[in-house]
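One structure is given below, encoded as structure tokens.
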Amino acid sequence: MAIEFRNKPGLVIYLTAGDPDLATTREIALAAIDNGADVIELGVPFSDPLADGPVIQRASERAVARGVRLVDVLALLSEIRTARPQAGLVVFSYLNPVVRMGMENFCAAAAAAGADGVLLTDMIVEEAAEYLAAMRRHGLAPVFLAAPTSPEARLKAIAANSAGFVYAISRVGITGTQQQVAGDAGELVARLRKVTELPIAVGFGISNAEHVQAVGKFADAAVVGSALVSLIEQTPPAEAAAAVGRFVAGLAAGKGA
Amino acid sequence: MATTAPEMAGPVPGRFGAYGGRYVPETLMAALEELETAYAEAQADPAFHAELNDLLHNYCGRPTPLYYAKRLSEKLGGAKIYLKREDLLHTGAHKINNALGQGLLARRMGKQRIIAETGAGQHGVATATVCSLLGLECVIYMGEEDMRRQELNVYRMRLLGADVRGVAAGSATLKDAISEAMRDWVTNVRTTYYILGSALGAHPYPTMVRNFHRVISIEARQQILEREGKLPAAIVACVGGGSNAIGAFYEFLPDAEVKLIGVEAGGRGAKLGEHAARFQKDGGGVPGVLQGTYSYVLQDDAGQISLTHSVSAGLDYASVGPEHAMLHDTGRATYVSCSDADALAATVTLARTEGILPALESAHAVAEAIRLAPTMAKDEILMVNLSGRGDKDMGILAKELDLKGYK
């Protein structure tokens, strides 16, 4: 029960919880863990996902329409924790559902469910005092995003306030697949290395084994999200876990997807 | 709701009481910091104000008149009603005050590409206009529902050279247009300036947009003192994001005897989803975070943002500017709501007593004035900020009022 990257590079898998349904997300997450994912980011579906591209927007919309709530995602996380005690589990959310639950209540519930960490897309370090205090009280790791546009002072603050790992955004823009890993990524990771000893995971646009290998040359882990959410969208629910398992095994082994 | 992380020095800027702040993806933070610095420099530069004021006067038509609506006042039999005629500005609404200010700021920052969101289309038209004037590239995001109901403004923007991009997500209205504009900004942040159209979003936008609209109350305060030798008893303005209202209220904030009344869209009912009345008790509006700022947000108990409805596209938004949230909590301003039906009726009343066709947004303020004026003394003054004109709404009015047979 910790965020630990056993593979080189490590593999972080993002899933929109509740797409196509909570039971299937559970099976998908277990398949991903069993095939080499070190960390699962369980995405809380939100009505207005302004940092996401079309794939995760659609998944979020489907899950919101099914009535999936933050409490459901935490219950799902708890089931995954029981089934896979060693996996790294991170709650990935926009801020408003968390604010609505209350920062203290949320952190208590996330810790009780067995989460290791939390990543809030629209929470920046300057606004995070109450959040960080609640996270500390409950022994949770706050993961902040670092962007290619972040100047040195911001990278320092991001590193100083993060635990578990720092999430380096590979390029300016929203989530979604792309042909190649952006040149911005290597430079950002190098800048982060100067200010932190924490593992660094690179995400946004990482969609196949080749990308994962490319990221592995300079970062500790790769985050794969939209490519998997898209695969889940295109696969009948009954077959989704097996399909994701094969895909993640391909990413982990670097054999191609 | 939050203060300062231990490793960052100084207080968080852009707070209005507990509200405001910056809740954005990290990628935008450098751009917001750059904007904050550039805006502070422009604020301190007399040449920036000289150019802005010259254009506000010679291009936009400021100062706008403060008009005594004699027939309407007499018909209602109470307070003297004055209309602050922002509807007479170039492009037909107060929105040009802010679009022009931010356009000049963008040019000063060397940004050649402008993006903006629009609800009713008035901010989009104002932005497209300013981009033509300053020779800047212009992309406008607009919900597809709003494109349908404000079609004339879509044509105007395209005629002006703007690239109008429809947004089909969510309710396909203002909220969704803002999300899409923010996605564009995150992607093109190095070259692009985002002209946000209301006193919303992350710091410094709520402060900056309010300051560009302060001119409304600076003029109005002086005009009413010249005309009547006293301040109004009350000022009424419609509140979507709240830019015209904050502009109309701001200089009167220290005048405790002046009541400030914001009018939200009551839509077609009190049920969540049927209105855009963020401040109405039990209406579903509670403090939360939407699109970069902490303010009142219409949402369900799981924190999902709710859909909204208003006959007026410009008021059809789930959140509200953070300074209004503060004014609401402190009680300095009060916020009421007005139904679609009352706004439509007020449109007809104003058109037939004064020969002025208000925008459906502004008609919400007129409706509240019609309700309030008869309860006031004849020597009291009621000022209405008439934020825009209603030509853009003729399609909706023709349908809603059945004008072929309307009497």
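The values are calculated or read from the model by the stated rules, or taken from the named source; none is laboratory data. Here the structure is a predicted model, which is why all the values come from computation and not from measurement. Ideal geometry is used to build each Cβ from the backbone, glycine not excepted, and the neighbour counts take in all protein chains shown. The protein model used for the area step is the full one, side chains on, heavy atoms only, and it has no ligands, DNA or RNA in it. Shrake-Rupley method; radii C 1.70, N 1.55, O 1.52, S 1.80 Å.
The listed residues A:D184, B:D402 rank as B:D402, A:D184 when sorted by accessible area, largest first, using a 1.4 Å probe.
Restricting to Cα atoms and excluding each atom paired with itself, what does the Kirkwood estimate give for chain A in Å?
It works out to 17.7 Å.
With K and R counted +1 and D and E -1, the other residues having a Cβ less than 13 Å from that of B:V189 yield a net charge of 0. With coordinates expressed along the principal axes, the C-alpha atoms belonging to the stretch B:105-149 extend over 34, 14, 13 Å, beginning with the largest.
The distance from the alpha carbon centre of the stretch B:128-200 to that of the stretch B:227-295 is 24 Å, rounded to a whole number. Once you sort the root eigenvalues of the Cα gyration tensor of the stretch B:252-307 as a ≥ b ≥ c, which label holds: rounded (a/c under 1.5), prolate (a/b larger than b/c) or oblate (the other case)? Verdict is oblate for the stretch B:252-307.
Taking Cα atoms of the stretch B:121-200, Rg/Rh with Kirkwood Rh, to two decimals?
Here the Rg-to-Rh quotient is 0.94.
Extension gain B:L272-B:L253, at 0.36 nm per residue separation less the Cα-Cα distance, in nm?
3.7 nm
Taking the Cα centre of the protein assembly as shown as origin and assigning +1 to Lys and Arg Cβ atoms and -1 to Asp and Glu Cβ atoms, the resulting dipole is close to 700 debye. 3J(HN,Hα) along the stretch B:342-348: 5, 5, 5, 5, 5, 4, 5 Hz, from the Karplus curve 6.51 cos²θ - 1.76 cosθ + 1.60 with θ = phi - 60°, whole Hz, x for Gly and Pro. Please list, by residue number, everything in the stretch B:241-261 whose backbone N is under 17 Å from a paramagnetic label point 7 Å out along Cα→Cβ of B:R371. Residues B:259-261 qualify, since their backbone N sits under 17 Å from the label point. Straight-line reach from B:K80: taking Cα to Cα under 29 Å and skipping same-chain neighbours fewer than 8 places apart, the lysines in range are B:K70, B:K95, B:K230, B:K259, B:K378, B:K392, B:K407.
When A:I200, B:I218, A:I33 are compared by accessible area of protein heavy atoms, the largest-first order is B:I218, A:I33, A:I200, using a 1.4 Å probe.
For chain B, relative contact order (Cα pairs under 8 Å, six or more residues apart, normalised by length) works out to 20 percent. Cross-link reach is defined here as a Cα-Cα straight distance under 13 Å, omitting same-chain residues fewer than 8 places apart; for A:K194 the aspartates and glutamates meeting it are A:E152. Net charge in the neighbourhood of A:I56 (other residues with Cβ under 13 Å of its Cβ; Lys, Arg +1, Asp, Glu -1) is -3.
Heavy-atom accessible area buried between chains A and B is around 3700 Å² (1.4 Å probe, both sides summed).
Hey, can you find the accessible area per residue of the protein assembly as shown for me, probe 1.4 Å, expressed in square angstrom?
Ligands and nucleic acids excluded, the result is 34 Å² per residue.
Across the stretch A:237-244, coupling constants 3J(HN,Hα) worked out from phi with the 6.51/-1.76/1.60 Karplus curve, θ = phi - 60°, read x, 5, 9, 5, 4, 5, 5, 5 Hz, and Gly and Pro carry x. From its DSSP helices (H runs of at least four residues, each -39,500 (n - 2.57)), the protein assembly as shown gives a residue-normalised ellipticity at 222 nm of -13000 deg cm²/dmol. Between the stretch A:6-27 and the stretch A:204-237, the C-alpha centres lie 11 angstrom from each other.
Note on chain B: with a GNM built from Cα contacts shorter than 10 Å, the maximum mean-square fluctuation among B:I235, B:I396, B:I114 falls on B:I396. Amide hydrogen proximity for B:L290: with H placed 1.01 Å from N in the peptide plane, the residues at 5 or more positions away or on another chain lying under 5 Å are B:S295. For A:D48, the residues 5 or more places off, or on other chains, whose built amide H falls under 5 Å of its own are B:I305.
Gyration tensor over the Cα atoms of the stretch B:194-278: the corresponding equivalent ellipsoid has semi-axes (square roots of 5 times the eigenvalues, largest first) of 26, 19, 9 Å.
The amide H of B:A120, built 1.01 Å from its N in the peptide plane, has B:G314 as neighbours under 5 Å, considering only residues 5 or more places off or on other chains. Within the same chain, lysines fewer than 8 places from A:K8 are excluded, and of the rest, those with a Cα less than 16 Å from its Cα are A:K217, A:K255. With contacts taken as Cα pairs under 8 Å at a separation of at least 6 residues, the stretch A:118-257 carries a relative contact order of 18 percent. Label sites at A:R6 and B:T334, each approximated as a point 7 angstrom past Cα along Cα to Cβ, lie 6.6 nm apart. Can you tell me the orientation of helix B:95-108 relative to chain B, as the angle in degrees between its alpha-carbon axis and the longest Cα principal axis, to the nearest 10? Computed tilt is about 20 degrees.
For the stretch A:1-99, what does the alpha-carbon gyration tensor say about shape, rounded, prolate or oblate, given a ≥ b ≥ c as the root eigenvalues, a/c under 1.5 as rounded, and a/b over b/c as prolate? Judged from the Cα gyration tensor, the stretch A:1-99 comes out prolate (a/c at least 1.5, a/b above b/c).
Rounded, prolate or oblate: which fits the stretch B:302-407, taking a ≥ b ≥ c as square roots of the Cα gyration tensor eigenvalues, rounded meaning a/c under 1.5, else prolate when a/b beats b/c?
oblate
Over chain B, the alpha carbon radius of gyration divided by the compact-protein estimate 2.2 N^0.38 Å works out to 0.92.
With the largest listed first and rounded to whole Å, the semi-axes of the equivalent ellipsoid of the protein assembly as shown from the Cα gyration tensor are 47, 25, 22. About its Cα centre, the stretch A:15-84 has a charge dipole of approximately 140 debye under the convention of +1 per Lys or Arg Cβ and -1 per Asp or Glu Cβ, with nothing else charged.
On the accessible surface of chain B, probed at 1.4 Å, how many percent belong to carbon and sulfur atoms? Looking at chain B in its full context, I get 53 percent from C and S. Applying 1/(1 + (r/R0)^6) with r as the Cβ-Cβ distance of B:K399 and A:Q213 and R0 = 56 angstrom yields a FRET efficiency of 0.40.
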